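Since every read-out is calculated from the coordinates, none of them should be taken as a lab result. Keep in mind it's a predicted model, so treat the numbers as computed, not measured. Glycine also receives a Cβ, built like all others from the backbone with ideal geometry; neighbour counts cover every protein chain displayed.
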Amino acid sequence: MAGITGKDAVLTDYANKLATLDAPKGRSLTQDALRRLTRNKAAVVSIFLLLAIVLIAFIGPYFLPWSYSQVDWTAIRKPPDFDKGHFFGTDQNGRDMLARVLQGTQMSIIVAAVATVVSVSIGVVYGAIAGYFGGRVDAVMMRIVDIMYALPYILFVIILVVMFGRNPVLLFVGIGAIEWLTMARIVRGQTLSLKEKEFVEAAKAGGAKPWTIIMRHIVPNLTGPVVIYATLTIPEIIIAESFLSYLGLGVQEPQTSLGTLISFGAPVAEVLPWMLLAPAAVLVTMLLCLTYIGDGLRDALDPKDR
Amino acid sequence: MKITQVLKAATTAGVVALLMSSTAYAVTLQMHNGGDPGSLDPHKVSGDWENRVVGDYIEGLVTENAEAEPIPGQAESWDVSEDGLVYTFHLRDGIQWSDGTPVTADDFVFAFQRLMNPATASDYAYLQYSIQNAEAINSGEITDFNELGVKAIDDQTVEITLEQPTPFFLDSLTHYTAFPVPKHLVEEHGDAWTETDTIVANGPYKIVEWLPGSYVRSEKNETYYDAENVQIDEVFYHVLEDQAAALNRYRAGEFDILTDFPADQYQWLQDNLPGEAHVEPFLGVYYYVLNQESEPLNDVRIREALSISVMRDVIGPDVLGTGELPAYGWVPPGTGNYVENAYAPEWAEMPYEERVARAIELMTEAGYGPENPLNLQLRYNTNDNHQRIAVAIAAMWEPLGVNVELFNSETAVHYDALRAGDFQVGRAGWLLDYNDPSNTLDLLKTGITQGDGMNWGNNYGRYSNEEFDALLTQAAAEQDLVARGEILAQAEKIAMDEFAAIPIYWYVSKNVVSPKIEGFVDNAKDIHRTRWLTKTE
Amino acid sequence: MLGYALRRVLSAIPIALIAVTICFFILRLAPGGPFDGERALPPLVLANLRAHYNLDQPLVVQYFIYIWRLLHGDLGPSMVIEGFSVSRLIAIGFPFTLTLALTAFVIATFVGLVAGMIAAVNQNKWPDYVLVLVVMIGVIIPNFLMAALLQLWFGVYLRWFPAGGWVNGSWMHLVLPVTVLAWPHAARISRLMRGSMIEVLGTNYVRTARSKGIGQRLVLARHAIKPALIPVVSYLGPGLSYLLTGSLAVEQIFGLPGIGKYFITAALNRDYGIVLGTTILYMFIILALNLIVDLVYAWLDPKVRYR
C-alpha cells in the first residue's frame, strides 16, 4: 500500500533532512517540538477532537440504552427516534446505529493501533539491525526492502484475509507486517549516523552487546519519526480496512468497524441515509484530525526550522 | 496519408455509419445478468446467469414459453409409450445450426453421451439421471456410451428410454443439460468449440462477443425456425455483481431488465417506479442445515427448540424487506406433482411467546439453559442478506440460552465446510432444478457408501431416516401421480417432524423490468427467454 | 546507468520468485477450492476436474509444474472461466486497467502539480485553504463510497455521464471511474508539491532571484519548479502502482472488465491461476515503474548516484 497518504515520500524526505543534520538529537528536540506543536491551532484542535472521539468510542457505550448487538424488533430500519433511544436510527436488523458506530470506531482504532505497533516494531528492529551492522548485511537487507516496495500489497492483504479468515487481530497483524518498509529505511539512516556518536562508542567499549546498544541507545532517539509515522499510518490502515470491508472481507458480525458500516451504508444512501451519514462523519473527522496532527508534527519536528 | 485521403476515408466511414444506422435500426436489450458466466457450454454451466445466455442460443427438444412451461422446441412433437418409459421425439424440418449444418438426431445423442461422460465433468449431469443407464455411465460403471437410453432412429427422430416413468421428464428436458451440442464442431475443436469464432447456435440468438467481467453479446439468429417472430435484435448480458450499482445503472437508463435488486430498495422502487419491480414466488427454500452427526444437534429436542423459536414472519417483510413468505415445510408451495395441502406443523399456529416457552422447556430437558448455555457456530457465505438473517436468528435464539458465534466466508469455503461436515449450523438454499417435490426431498436422503466413506451429496446435515428413504424409493416406482404425491408428502412430514433442517423462507424472484419491455411474464421458475420479449423505444 | 538498471532487474528476480512461491502455497493451503460450488459434484466428476488442472498431484509437484510453465511464459488456465487461459484474460483486462490508470495518472499528476503550486504561491490565503479542503476530501473518503456517490449523482440524478460499463469504449464512460481514481492521487501529488514548493520558495537562491527583480512567473519557471519536483517524482512510481491496484473497487462498481476485478473475483472463487497470474503481472509492472522512477530521479537530482 505504498503511500495511500503519500506517507512514504513525506517520511523519506524527513529522514533525509535528519540525516544531513549533525546536531545531537534527544530530549531537547522533543520538548522543543511539543512547544511548537501547541502553537499550531489546527493540530491542537485536532488532538482534542481525536481524543474526544476515542474517549466517547470507548466510554460512550456504557451510557447507551442499547448495546451494539441488541435487536429491537419494534424498530427495524427506522430513522432516529429519541423516545426509544435510537439517536442515530437503526439498521435492517433493528440494531441501534449509535451503539454500532461507537463499536465500529473502537474496532477501527484498535485495528489501526495494533497494525501500527506491529509495523513500527518490525521496522525499528529491521532498520536498526541493518544500520548497526552495516556493510554487506546492510546492503542485502536494504536491497530486500527496495524490492519489497515493488510488491502489490493490497493483493497480498486480500490473499492473507482469504487465507486466515476474518480474525481482526490476525488480519491487521498481517497488514502491519507489510507496512514496515519505510520505517525500516528511516531507522537505518538514523542508526548509521547515531552509531558513530560518542555515547555509542562508549557503550561498545564497555562491552555492551549489539542488541542492548540498539535498544538502549538508538531506539529511544527515534521518537520523532515514529510519531509522524504512526499518525500517517493509522489513516492508511483505516482506509485499507474499509476497502476490505467493501469486498466482504471485514470483521465478523456482530462486531463491526467504520469501514464495514460505511460499506453497508453506501448502497442505501438514498433510502436509509442515517446508516451512511453517522459512520462516514466519524471516519472523515478522525482522518481529518489525524492528517492535521501529522502535518503539525512534521512541522514541529522539522529539524531544519529549529 | 495525405489530408485528402484522410478526408475521403472519414467521409466514407461517415456514409457507411449513416447507412448502417438507417438500415439496421436494431433493437437492443440491455440485461443485467449478475455473475460472470463460467462457460457458454451447456454441459459446463451451473448458474441461472449462465442459463439466461445459454438458453437463448441453444434450444433443446423441448423449450419454455413465456410462462416457462414446456412447449415444443427443436422437436415438433413427441409420442410417449403406454408405460411412460419411451419418448419418441420428431424434430422439426429444416432446423439448422447457425453455420448452416442441419441439426440432426445425432447431435442430441452425441450431446447426451457427452453430458454423461465422466470426462466431461458436467456439474449437473445428475438432472438427467432418469434416462436409462445415465447414472451408471456418469459414475463410470458402464463405459460403453451406446448403452445410454438416447437413440437416433433416423436423422429426425430421437428416442429416449427412461429408467422408470418420470412425471417431470419433459420439464427436465427444458434444462440446459438436455441441450444439443453441434457434433461436427465438438468433434473438431473439443471443448474449445464455444470460442466466439467457432460457436454456433440453434436457438433464437447467436453469441457474437464475450468479454469476461463485462458482458456477453448475442445477436438474433436468422436461421432460427421462428426468427420472424423474434423481436429483439441484439442482447447484452451484463456482468455486475454490485446490486446497488446495477440499480443505479437501471435508473440511468442503461439497463432494461435487472435480474436482482437490493432488497432495501424495494419500498423505494414501489414508491418511485411503480410496477417495475417484480417480486414473485420462486420455487426454492432458504434453510439452515443442522449438523446431526455430532452433539448437540443430534438431539431432536434441541433441533425442535431452535426451529420453533425462529420468528419467520419477521424475516421476509422486515429484515429483508421484500416480503418472502415464511417456510415451515420442505417442498415449496406451487411445486408440481404434489398434494394440495402443504405440510403445516401445529406449532406454526401457536403464538410466538408460547413457542419460545416451549423451546425453553425443550432446552432445559436437553440440559441447557441460561446457566449452561449452548454455544453454537452459525456459518453463512458472505452476503448482506445472509448476514442479516443470521443476526436476526441469533437474536431469536438468545432467550433460549443459545450463544451464537457468527462466521462468514466466501462461497467456496462455505460449501467446502458444509460438505466436509465441518460446521454446526449452516446457511443453505435450494432452488428447484425441475418442478417436482423429489428435487428438494432428495436433499435429506441418506448418503450412499462409496469406498471407505459415505457420499452425502447435498445432504450437508447428514440427516438419516430409513423410513424416509424407503418412502422416496417407493415414490420413485409409483406411476400414479396422486398416490406418488401422497407418498412424498408422508416423507416430508417425517423429516420435518424430526426437524431435519430449519426451513426459513420460500425464495422469491426479484426482477426489475422497464416499462419499455413487454412480454415479461412472471413465473415460478423465473425463466424469461428473450425470444418472448419486445422492446419499444 | 545500463549496468545499474540491469542489476536492479536481476536482483528483483529472487524476491519476485519468493513472493510467487508464498502466494502459491498460501492459496493452496487456504480452505475451499475452485470446484466448491453450491451443489456437490459426483466424486468421479470432481476427480476428473481435479486431474484436468493437475490438482490431484502433490502440492510440491504442482508447484514445480507451475514454475516450469511460468518460465516458459505460460500462466496456465483459468479454473473458473472455462476456456480462457490466464494470459488471454490478462490480454483482455489489462488494456482496460492500463487505460484507466494511465488516464487517471496523467490527469491527476497535472492537476495535482498545478494545484500544489497555486496553493504554495498563495500559502495561507484562501486559494490555499480551498485547495487543501478539496484535496482532503479525495484522500479521506474511501474510494468505493466515492464511486457509489458519483455514480448516483452524475449518472442517475444529473445523467451527465454513463453510470457504468464500457460498451462502446467511449471516453464518456471513463469520466466517473477516472475521477474516482484520480482524485486521491491528485490530492497526494498536490500536498507533496505544495510542501516542497514552499520550501524551495524559501531557499536563498529563489530569494536572491526575486530580489533581483525577476517576475514571479519567471522565478517559478526558471528556479523553483525543477527542484520542487524532486520529492514529487519519487512518489510517481508508487503512485502509479497504487492507481493500478487501486482500480479494484472502481472496476467492481462501474462494471469494467479490468484485471483488478478479475483478481478479486478469482481470489474469492479460488481461481488459483488468475490470482497468481495477475499478482505476477502487478509485480512486474511495479518493479518496472520503480526502476523508471529511480532513473528519472537520478536525472533530476545529480546528488543521487547509482548505488
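In table form, for the structure just shown:
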{"read-out": "Spatially proximal aspartates and glutamates relative to B:LYS445 (Cα-Cα < 13 Å; intrachain offsets below 8 disregarded)", "value": "B:GLU466, B:GLU467, B:ASP469, B:GLU492"}
{"read-out": "Cα shape, the stretch B:459-524, gyration tensor, a/c 1.5 rule", "value": "oblate"}
{"read-out": "Semi-axis lengths, Å, chain B, gyration tensor of Cα atoms, sqrt of 5 times eigenvalues", "value": "44, 31, 20"}
{"read-out": "Protection-proxy order for peptides C:249-256, C:124-131, C:15-22, each taking the mean of Cβ atoms within 10 Å per residue, highest first", "value": "C:249-256, C:15-22, C:124-131"}
{"read-out": "Histogram of C-alpha separations across the protein assembly as shown, 10 Å bin width, %", "value": "2, 9, 17, 21, 20, 15, 9, 5, 2, 1, 0"}
{"read-out": "DSSP bridge pairs, the protein assembly as shown: antiparallel proportion in percent, nearest 5", "value": "75 percent"}
{"read-out": "Tensor-based shape of the stretch B:384-537 (alpha-carbon gyration tensor, a/c under 1.5 rounded, otherwise prolate or oblate)", "value": "oblate"}
{"read-out": "Over chain C: helical MRE at 222 nm, DSSP H runs n ≥ 4 each giving -39500 (n - 2.57), nearest 500", "value": "-24500 deg cm²/dmol"}
{"read-out": "Peptide C:246-254, shielding by other chains (average Cβ, 10 Å cutoff)", "value": "4"}
{"read-out": "The stretch B:278-316-the stretch B:188-222 distance, computed between alpha-carbon centres (Å)", "value": "42 Å"}
{"read-out": "Value of relative contact order over the stretch B:283-508, rounded to a whole percent, pairs C-alpha under 8 Å and six or more apart", "value": "36 percent"}
{"read-out": "Residue order, fewest to most surrounding Cβ atoms within 10 angstrom, among C:VAL219, C:VAL61", "value": "C:VAL61, C:VAL219"}
{"read-out": "Averaged over C:259-268, number of beta-carbon atoms from partner chains that fall within 10 Å", "value": "5"}
{"read-out": "Cβ crowding within 10 Å averaged over residues, with B:82-93, B:210-221 ranked highest first", "value": "B:210-221, B:82-93"}
{"read-out": "Centre separation in Å (Cα based) which lies between the stretch B:498-537 and the stretch C:101-172", "value": "39 Å"}
{"read-out": "Sequence of C:MET172, B:MET31 once ranked by neighbouring C-beta atoms within 10 Å, starting from the fewest", "value": "C:MET172, B:MET31"}
{"read-out": "Over the stretch A:33-142 - Rg/Rh using Cα atoms and the Kirkwood inverse-distance radius", "value": "1.26"}
{"read-out": "Beta bridges per DSSP with both ends in chain B, % antiparallel, nearest 5", "value": "75 percent"}
{"read-out": "Equivalent ellipsoid, the stretch B:283-508 (semi-axes from 5 times Cα gyration tensor eigenvalues, Å)", "value": "27, 20, 18"}
{"read-out": "Helix B:3-24 vs. chain B, principal-axis angle (Cα, 0 to 90°, nearest 10)", "value": "60 degrees"}
{"read-out": "Helical contribution to [θ] at 222 nm, DSSP H n ≥ 4, -39,500 (n - 2.57), averaged over chain B, rounded to 500", "value": "-8500 deg cm²/dmol"}
{"read-out": "Cα gyration tensor shape for chain C, rounded if a/c is under 1.5, else prolate or oblate", "value": "oblate"}
{"read-out": "Pairs from B:LYS206/B:LYS516; B:LYS183/B:LYS510; A:LYS84/B:LYS510; B:LYS44/B:LYS516; B:LYS206/B:LYS535; B:LYS206/B:LYS525 whose Cα-Cα separation, in the structure shown, is over 27 Å", "value": "B:LYS183/B:LYS510; A:LYS84/B:LYS510; B:LYS44/B:LYS516"}
{"read-out": "Positive-pole candidate from A:THR182, B:ALA246, C:PHE64, dipole of the protein assembly as shown, charges at beta carbon", "value": "A:THR182"}
{"read-out": "Neighbour-count ranking [beta-carbon atoms within 10 angstrom, fewest first] of B:ASP36, B:ASP271, B:ASP433", "value": "B:ASP271, B:ASP433, B:ASP36"}
{"read-out": "Selection from C:ILE140, C:PHE254, C:LEU192 lying farthest towards where the dipole of the stretch C:92-300 points positive, charges on Cβ", "value": "C:LEU192"}
{"read-out": "Cross-link partners of A:LYS209 among aspartates and glutamates (Cα-Cα below 15 Å; sequence separation of 8 or more within a chain)", "value": "A:GLU201"}
{"read-out": "Shielding of C:85-96 by partner chains, average beta-carbon count, 10 Å", "value": "1"}
{"read-out": "Under 26 Å between alpha carbons - lysine pairs in chain C that sit 8 or more apart or on different chains", "value": "4"}
